[in-house]
Each structure stands twice: as structure tokens, then as C-alpha cells.
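Enquirer: Have a look at this one.
Values quoted throughout were computed directly from the atomic coordinates according to the rules given, and no laboratory measurement underlies them. These figures come from a predicted structure and were not determined experimentally. Please note: Cβ atoms are built from the backbone with ideal geometry, for glycine as well, and neighbour counts cover all protein chains shown.
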Amino acid sequence: MTTLAMTRSAAASKSSGSRLIRSLAGAAIALLCGVTSAQAQKWTADVASASAATLTTAPVSGSRVIKFNSYSMYALPMDHAYAMNNAGLIVGDDDGKGAVYVNGQVAYLASPPGYTDVKAWAVSNNGIIVGTGMNAGHQRPLKWNSYTSPGVDMGAIARITQPLAVNSSGVVAGYTMTSSNAAPRAYKWTPATGTVDIHPTGYDISTVYDVADSGFMSGYTNDGNNQFYAARWYPSGAFGSIARGVGYRTLENGTVYGTGLTNEAKMWDVSNTATLIGPSPTTHVVKQISPNGRYVGVSYSGTAWTTMNGGALVTLPVPAGTYGAAIDVSACGTILGSYQANINDYHPVIWSKTTCDLGEIVIAQ
């Protein structure tokens, strides 16, 4: 799974290696949505008919909930939140330490001694976490087999290593840089091979944003003339350029989605046939799609939004005078994102609702 974060059809990139359940109730809903039972109860009031977002008593001291359009916004008690898996496990950082938000509270990741400014960037559906930490002036890649496991350095081939995605087999991908001014180069890490440069020939820049459990990866390249191309890496290791744009997410069948030449929301199947996606492709970027067909994203006017299987567009609530962005979604339909009043004013949040999305819910084992 990726951090950037990032259309699912019947098959979803978060589904492999998981078990399916068909009925959810009570504590199970709270667990799947990444909230406590008390928070789930707090959010049971029907607010679908509300005419404006209103502040209510927060489920945790020092935070707040905004309710509107049947979704409640809950401010996360951590500095940054970058990704969430199907079970609702959220990863990020807090006070210079790698952190997760699980079962309604923040837990800190155990990092190797001597590492500072630790961040958790991505999490797989079975709970593998990857991130970074500073050590001896280098940005090093770190991996936790679970949020209760000790972190280990994965090794590096450059001064800066930035993992952005990990799948349930522990395959990691992102980019490396020889210095802060160097061009990014795509890399892949596996338990068998370690870190391998997968930068394609003929391009100046490359980055992998997502890796599916099937082994397909998506990202982008740049040919040196400021021409960005959505890209696909195959499980075999082969590379394929798709079209002008950026590929943020990949499905298990190799379908890639992201933005096209004019920043329109677009999907490319494995034959590179393009399809516009989302509620309004020219104004709303699709950042992620859940296994049950819930789309989330951000509009170019600065609103966080969601829609279910092509249904009505729902604008997610944020405090007055701020902009919102939705970047990830769990199988239950809990949405991860942020709001901010300006570029330096960032607040991570989740949006939750009273029930989980219908259909088969995918839960990491």
C-alpha cells in the first residue's frame, strides 16, 4: 500500500492476503473503523440532515468532532498522518517519533538506537510498516513487521532513501537520491534482494508511489523536458511507460490510476486504455478507492470529498475557513486526510460515519 497516499473496480489493491467477512456490528464496527467503542457510540447520531457543520464534544480530551453529511471529523492527536490500511491502522509521526493511531490512541514505534526524526510513511494490509529515520546525516529506510515490533534499517544505496509503499509480502518501493539536489530514482526492496535501483533507461527522474500485493507498481517518470509520464512496473521487473500524467495507485490486476496530462482524474488498464474516473474528473482528484467502491480525494478548490460506487458526492466537513484533503480510506469507509488554513497549518484528521460500508469487508490478518 502507498502513502499518497491515491479507482478501484471489483478487485482492489488492498484485498490480497486478507479474509472476508460479511456482517459487522457493535465493537467490530468500532475496530474496523479505527475508533474506540465509545467513539463509535458518540458518532451514532444521525446528522445527514444537518444544514451546517457544528462542533460537538470531542471523544478524546483536547480534540474535536465536526459533523455534517453523516460524516464526523475527528482531529488526530499526532503531528502527521500519511497512510491507512484496510483495517484502519494509521501511520505517521508525532514529536519526532514514528507513530501509529490504533484503537483510538497513539502508539509510538520502537526505532533503532541513534535514529532521529523518525516517520512512518506506509502500511500494508497485514500491518507491515515502512518509514525513515535520520542517522549520521543520511535519511535511512526503516521497517517494522508490526506496530509492536522493533524497527530495523533495510539498508540503502544512496544518501537519501524514501520508501513510499509496502505490500503484504514486504515488498517496499519509493525513490532514492544521492543528495538533496539530485534527481529521484525509483527503487525496490525485497527481503531476498535488498535495495535495487529500478530507474528506467531514458528518463531523468522516476518514483514509485504504490505497490500492489500482486507485485504491480505505479508511479511516474520525467524525460528531462518537464514531461511527466504515468508509469507501471510489472511483477516480472519489466517497466512500461503509460501516458502523460502521474500514476498514484495500482490495482491487483495492474490497472493504474492518477492524473492525466491536464490533471484530470484518469485510470489506465493493462493495455493502457484510458478512462476518466471520479465524480468530476476535471475538478476532483481521486486519491484512493476502497475495496467496496468508496472514492475519496480532493478537489482543485480545496475540499475533501467522498462518493460511494458512483453515488452522490459528499463534501467532508472541516473547520470554517480551512481547506480539506482526503488521501486514504479503510474497507469500513473511515477516511484519512487533513485540513489547513494555510501551507504551514496542517492538521491530520479522520472522517467516520455511523456504519461501515456495505458489502464484503476486507480485514488484514
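Enquirer: On the basis of being under 18 Å from the mean Cα position of the chain (by Cα) and under 25 Å from Ile128 (Cα atoms), does Tyr234 make the cut? Talk me through it step by step, then tell me what you get.
Expert: Working: under 18 Å from the mean Cα position of the chain (by Cα): no; under 25 Å from Ile128 (Cα atoms): yes.
It is false that Tyr234 is under 18 Å from the mean Cα position of the chain (by Cα) and under 25 Å from Ile128 (Cα atoms).
Enquirer: Follow-up. Could you look through region 114-144, keep only residues that are surrounded by 21 or more Cβ atoms within 10 Å (Cβ to Cβ) and of a type in the set (Gly, Ala, Ser), and pick out the one that is farthest from Ala182 (Cα to Cα)?
Expert: Among those residues, the one meeting the criterion is Gly127.
Enquirer: Filter region 147-161 down to residues that are assigned to a strand (DSSP E or B) and of a type in the set (A, V, I, L, M, F, W, C), then give me how many there are.
Expert: To start, the set of residues in region 147-161 that are assigned to a strand (DSSP E or B) comprises 150, 152-153, 160-161.
Narrowing further to those that are of a type in the set (A, V, I, L, M, F, W, C): 152, 160.
Of the residues in that region, 2 qualify.
Enquirer: Which members of region 244-259 meet the condition of being surrounded by fewer than 23 Cβ atoms within 10 Å (Cβ to Cβ), in contact with a Lys or Arg (Cβ under 8 Å, 6 or more places away or on another chain) and of a type outside the set (S, T, N, Q)?
Expert: The one that is surrounded by fewer than 23 Cβ atoms within 10 Å (Cβ to Cβ), in contact with a Lys or Arg (Cβ under 8 Å, 6 or more places away or on another chain) and of a type outside the set (S, T, N, Q): Gly254.
Enquirer: Among the residues that make up region 297-305, is at least one of them surrounded by 22 or more Cβ atoms within 10 Å (Cβ to Cβ) and more than 23 Å from Ala230 (Cβ to Cβ)?
Expert: Here is the first cut: in region 297-305, the residues surrounded by 22 or more Cβ atoms within 10 Å (Cβ to Cβ) are 297, 304-305.
When the remaining residues are screened for being more than 23 Å from Ala230 (Cβ to Cβ), the result is 304.
Yes, that holds for at least one residue.
Enquirer: If Gly170 satisfies all but one of (1) surrounded by 15 or more Cβ atoms within 10 Å (Cβ to Cβ); (2) part of a strand (DSSP E or B), what's the number of the condition it fails?
Expert: Of everything listed in (1) surrounded by 15 or more Cβ atoms within 10 Å (Cβ to Cβ); (2) part of a strand (DSSP E or B), Gly170 misses just condition (2).
Enquirer: Is it the case that some residue within region 310-326 is of a type outside the set (A, V, I, L, M), within 26 Å of Ile129 (Cβ to Cβ) and not in a loop (DSSP other than H, G, I, E, B)? First the steps, then the outcome.
Expert: Narrowing region 310-326 to residues of a type outside the set (A, V, I, L, M): 310-311, 315, 317, 319, 321-324.
Remaining after also requiring within 26 Å of Ile129 (Cβ to Cβ): 324.
The next check asks that each one be not in a loop (DSSP other than H, G, I, E, B); those that pass are 324.
Looking through region 310-326, at least one residue is of a type outside the set (A, V, I, L, M), within 26 Å of Ile129 (Cβ to Cβ) and not in a loop (DSSP other than H, G, I, E, B).
Enquirer: Additional query: Here are Tyr187, Tyr147: which of them is touching a Phe, Trp or Tyr at 6+ places or on another chain (Cβ under 7 Å), within 26 Å of Glu252 (Cβ to Cβ) and surrounded by 19 or more Cβ atoms within 10 Å (Cβ to Cβ)? Walk me through how you get there before you give the answer.
Expert: Details: Tyr147 fails: touching a Phe, Trp or Tyr at 6+ places or on another chain (Cβ under 7 Å).
One residue alone meets the criteria, Tyr187.
Enquirer: Out of the residues in region 306-331 that are small (Gly, Ala, Ser) and either under 21 Å from Tyr248 (Cβ atoms) or buried (at least 22 other Cβ atoms within 10 Å of the Cβ) (or both), which is farthest from the chain's Cα centre (by Cα)? Write out each step before concluding.
Expert: Within region 306-331, the first condition is being small (Gly, Ala, Ser), and the residues that meet it are 310-312, 320-321, 324-326, 330-331.
After this cut, where a residue has to be either under 21 Å from Tyr248 (Cβ atoms) or buried (at least 22 other Cβ atoms within 10 Å of the Cβ) (or both) as well, the list is 310, 324-326, 330-331.
Working: Gly310: 21, Gly324: 15, Ala325: 12, Ala326: 9, Ser330: 10, Ala331: 13 Å.
So the residue we want is Gly310.
Enquirer: Being closer than 30 Å to Gly321 by Cβ and not in a strand (DSSP E or B) is the filter here; which residues of region 247-276 pass it?
Expert: Passing the criteria: Thr262, Asn263, Glu264.
Enquirer: If the requirement is being in contact with a Ser or Thr (Cβ under 6 Å, 6 or more places away or on another chain), part of a loop (DSSP other than H, G, I, E, B), over 23 Å from Met217 (Cβ atoms) and not polar (S, T, N, Q), which of these qualifies: Pro279, Pro348?
Expert: Values: Pro348 fails: part of a loop (DSSP other than H, G, I, E, B).
Among Pro279, Pro348, only Pro279 is in contact with a Ser or Thr (Cβ under 6 Å, 6 or more places away or on another chain), part of a loop (DSSP other than H, G, I, E, B), over 23 Å from Met217 (Cβ atoms) and not polar (S, T, N, Q).
Enquirer: Closer than 26 Å to Asn263 by Cβ and aromatic (Phe, Trp, Tyr), is that true of Tyr187? Please lay out each step first, then the result.
Expert: On the way: closer than 26 Å to Asn263 by Cβ: no; aromatic (Phe, Trp, Tyr): yes.
Here the answer is no, as Tyr187 does not meet what is asked.
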